[in-house]
Amino acid sequence: MLQSDIDALFNWSKTWDLHFHPSKCQIISITRRRNAIRHDYKMNGAILDRVSSIKDLGLDISSSFTWDDHINRVVKKCNKKLGMIKRTIGFNAPRNVSRTLYSALVRSDLEYCSPLWSGTSKRNIQKVEGVQRRATKFILDYPEAEYKERLTELTLLPLSFRREYVDLNIFFKCNLGLYDINLDDYVVFNGINKDRPTTRFSSDPLLLVNQLSKTECHKMGF
């Protein structure tokens, strides 16, 4: 079925003179099975390359649907940018200049599309937060203060707090119908679950009910 779709897409491209280059097309199978079914797909007679990770709109999508590849690439990229800032402005630059450059050039990349990957593993979360830890030391000229004290001094929030705010903002807009996303496909509200025992903390019909999850990706998402 997928091969017929590829053939139809290629024929459409010839009709409209928008030719695909098979060498630039790739196949990725997203599954959690250890022994996944593999099949070769062709475009114009050429076998398409199969990859385990692919970049789409700035996100690294892996075949196991984990975000390890994406986090590793972003952290490496942001560390390079932070090093560039250090070499460019030095350690004696005004604090507001260093902070502004970090927020504009580094933090913006760290938070790109965060609602999609914010439910990643704790190890990846620590990698992302580690970039800001190093940045705050540089901005304050490497003080011996703890991370929380450095954040307070610079009026910054932990990146985990900022991601939670963005996630809640999107959830709120979905609940109001501002986004074309049906929340009933992802969460269960307390008012819908009539069999759930009632406590003084669960009287709110908008309280979310925890659901059983087999995968970490589903458990940390909504």
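Details
- In terms of its C-alpha gyration tensor, the chain has an oblate overall shape, because the principal axis ratio a/c (a ≥ b ≥ c, square roots of the eigenvalues) is not below 1.5 and a/b does not outweigh b/c.
- On full extension, the segment bounded by S23 and I89 gains 19.5 nm, given 0.36 nm per residue less the C-alpha separation.
- Nonlocal amide H pairs with L207, under 5 Å, H built at 1.01 Å: N190, G191
- Across the protein chains, with a 1.4 Å probe defining accessible surface, the residues M1, M84 rank M1, M84 from largest area downward.
- Prolate/oblate/rounded call for segment 12-75, Cα gyration tensor, a/c under 1.5 rounded: oblate
- Per residue, the chain exposes 70 Å² of solvent-accessible protein surface, assessed with a 1.4 angstrom probe and all protein chains in place.
- Protein heavy-atom surface of segment 70-151, 1.4 angstrom probe: 54% of the accessible area is carbon and sulfur, with nucleic acids and ligands not counted.
- Hits among lysines - C-alpha to C-alpha of K14 under 23 Å, sequence gap 8 or more where chains match: K24, K42
- Taking amide H positions as modeled 1.01 Å from N, with prolines and chain starts lacking one, the residues under 5 Å from Y41 and 5 or more places away or on another chain are L48.
- Distance from segment 129-164 to segment 60-120 (C-alpha centre basis), Å: 13
- Computed FRET value (nearest 0.05) for N72 with R50, which takes r as the C-beta separation and R₀ as 30 Å: 0.90
- L57 versus N169: modelled label distance in nm, points set 7 Å from Cα along the beta carbon direction: 1.8
- Dipole-positive endmost among Y102, L116, S62 within the chain (Cβ charges, Cα centre): Y102
- Loop-located chymotrypsin sites (Phe, Trp or Tyr not before Pro) in segment 142-180 (DSSP state not H, G, I, E or B) with no more than 14 neighbouring Cβ atoms inside 10 Å: Y179.
- When the trypsin sites (Lys or Arg not before Pro) in segment 1-53 are filtered for DSSP coil states and for at most 13 other beta-carbon atoms within 10 Å of their beta-carbon, the remaining sites are R32, R33, R34, R38.
- Gain on full stretching of the segment that runs from D141 to S13 - 0.36 nm per residue minus C-alpha separation: 40.4 nm
- Amide hydrogen neighbours beyond the local backbone of I27, cut-off 5 Å, H modeled: D49, R50, V51
- Low-density loop cleavage sites - chymotrypsin sites (Phe, Trp or Tyr not before Pro) in segment 1-49, where at most 10 other Cβ are within 10 Å (DSSP): W16
- In the elastic network of the chain, a GNM with C-alpha springs shorter than 10 Å, the most mobile of T155, T15, T100 is T15.
The values are calculated or read from the model by the stated rules, or taken from the named source; none is laboratory data. Keep in mind that this is a model prediction, so the values were computed, not measured. Glycine also receives a Cβ, built like all others from the backbone with ideal geometry; neighbour counts cover every protein chain displayed. Please note that ligands, DNA and RNA were not included when accessible areas were found on the heavy atoms of the full protein model with its side chains. Shrake-Rupley method; radii C 1.70, N 1.55, O 1.52, S 1.80 Å.
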